[in-house]
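Participant: This structure is in structure tokens; I'll ask about it shortly.
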Amino acid sequence: MNLLPEQYVERSKNKARGSRVAVSIIATLCVVAAFATHSRVAINGAVKKLVKTQVQANSALELEFDASSLELQKENLDSFIQRYQNEEVLFPMGDLIATLANLLPSEMTLEELALDVVNNEAGHGISGRLSGFGLSDDTIAVFVSSLQTKEPFRSVSMDFSKSRTVRNQRARGFRISFHIDLERPWSIAENIALVGGAE
Amino acid sequence: MILFPFGKQRNGQVGIAFYDGGITIGQCSWKNGTYSTASIKRFECNLSELTSADWRNMVASASVIGSECCLALPPSLAHHQVLRLPNMADTEVKEAAAWEMADRLNVNKGSLQMDAYPIGTGGDVLALAIELSTLRDILDPMYEAGLQPSAIEPQCASVTRTMSMLHRRQGDQNIVRSVLDFGMHDSAFMVLAGDSMMFYKHLDYSGNELIHWIAKHTGVTDSQAIRMLEQSKRHDEINDISKAVRNATRSIHESIATDAMKCIRHYGVTNRGPLSSELIITGSAGWNANLASTLSTACSQDVLQDVRLPHIQSLSSQNLLQPGWHVALGASLSSLPIGQERRSSGLKSKGAA
């Protein structure tokens, strides 16, 4: 039993329907707002992550560039080492000086060593001079005769010997000349300079 | 607040009862065979001068949820007539009842809102009619106040629902009870089979008439007569006051008992099936020990107060003191799916058997 006229029934239904639609719209808007907020937060997080990743990528690129440069330098260095190792040493100056140092007796002091490359009709060579002072002429003569027996020293001669005073003591100053022929093959043993009997 | 379709099966809408010249607003839910969260509020007001503000205030102070409501109208607002019509289809019955009501009320059929409902098995039809102008005066302020009436039913339908909440199964349709709804302005006698109303008769007896007779018979004022009537309701022991009330109301009680007996007899003659096994008294002026005794003697059956029914005992006394509570709660549960409940309960009973 219902005495409610049809027009009022429809009115009630429409009102209820309208209210439900309004509530549905509000609920939908709330869901959309929540979804948008969540999306915004997610986007912000993704942007931060992207920036961080880009910074890391830049660092990685710089490192990779540095690594490439180092690799290139290493290759250049290896190439230079290889080239250096493949090249023959023409003039073993260290061995020459070590030979001189080992021949030099303790009574002698070397003040000057001069090497000049000379090119003349006699050929291509090095003209060397040694000057200093010694305790006596005998000592200097012994040094000269020893130097004459050593390769590659040739034409060893004492230019002069004169008296001089060193630390209130009498000594003999000297200058010795020698010649090294570069057009003739010679060999020299690898020497180590001994100072006072120790390396 | 908007009630969505889900959850409505158990939760009642707002029930509004136009009862005893005032408004009773109630709402309840039905769960596990008893009322739950029932709230009832009574408002004494002039029914013809209700405005949307009045409705708004009443709904706000009644602490009800939702805007959908069901109205229960008394015979003073909606005309109740029991017609005897030949067996016809429902639409034809309603059309015939509409013509008959228009003829009896001597008004144009188009100015009436009418409905008809077959009661009993003897061809009786309860026809209802209300002037559209009266209906507009009631409904328009309610709509303006935000209420959404979904149904308007007669007061007897709401009372029937309240008194038969525990008799909604198919197997309960053979349990017949009589109900005397005794209000302060009028009364009605109903016979219920299960949850179906099988007989209805509007009676002119009222609580106000009892008070008038007590005042007249004992020479006291109306307020004193009201207190005397209340005292005689509560106490069964014989004292001077109860004797005076009994003597003053004896004739009316006997008249009520006589009419009740006639109603029961009429039902028994015009309807097939079992007879009434008990008589329930409800209504704002309902329970009275003298009336119960007189009715029990005249009708030869148990007479019990409505609060003795198991499902009503769960209601608080504060709610039960509100006039028209039974109408408001009945209207509140008008959306309860009775057919579905009955089917499922019947299946359960069959399975249990």
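Participant: Scan region B:153-174 and give yes if some residue there is in the same structural domain as B:Cys70 (by TED's automatic domain parsing) and assigned to a strand (DSSP E or B), otherwise no.
Facilitator: So far as region B:153-174 goes, yes, one or more of its residues are in the same structural domain as B:Cys70 (by TED's automatic domain parsing) and assigned to a strand (DSSP E or B).
Participant: In this structure, is B:Ser36 of a type outside the set (A, V, I, L, M, F, W, C) and in contact with a strand residue (DSSP E or B) (Cβ under 9 Å, 6 or more places away or on another chain)?
Facilitator: Yes: the conditions hold for B:Ser36.
Participant: Restricting to region B:163-173, count the residues that are in contact with a strand residue (DSSP E or B) (Cβ under 7 Å, 6 or more places away or on another chain) and either modelled with pLDDT under 90 or within 14 Å of chain A (Cβ to nearest Cβ) (or both).
Facilitator: Total meeting the criteria: 1.
Participant: Let me ask something else about it. Return yes when A:Glu112 is exposed (fewer than 11 other Cβ atoms within 10 Å of the Cβ) and closer than 30 Å to A:Val144 by Cβ and no when it is not.
Facilitator: yes
Participant: Can you tell me which of (1) in a loop (DSSP other than H, G, I, E, B); (2) within 14 Å of chain B (Cβ to nearest Cβ) is the one A:Ser106 doesn't meet?
Facilitator: Here A:Ser106 clears every test but (2).
Participant: Now for a different question. Taking into account only those residues within region B:147-162 that are touching a Phe, Trp or Tyr at 6+ places or on another chain (Cβ under 8 Å) and more than 7 Å from every other protein chain (Cβ to nearest Cβ), which is farthest from B:Ala328 (Cα to Cα)?
Facilitator: B:Leu147
Participant: Moving to a separate point now. In region A:81-137, what count of residues is obtained for those that are more than 33 Å from the chain's Cα centre (by Cα), at pLDDT below 85 and polar (S, T, N, Q)?
Facilitator: 2
Participant: Do the conditions hold for B:Leu105, that is, is it among the hydrophobic types (A, V, I, L, M, F, W, C) and within 11 Å of another protein chain (Cβ to nearest Cβ)?
Facilitator: no
Participant: Quick one: B:Tyr143 ticks every box in (1) touching a helix residue (DSSP H, G or I) at 6+ places or on another chain (Cβ under 8 Å); (2) buried (at least 22 other Cβ atoms within 10 Å of the Cβ) bar one, so which box is it?
Facilitator: The one condition B:Tyr143 does not meet is (2).
The values are calculated or read from the model by the stated rules, or taken from the named source; none is laboratory data. Not measured: the values here are computed from a predicted model. Backbone-built Cβ (ideal geometry, glycine too); neighbour counts: all protein chains shown.
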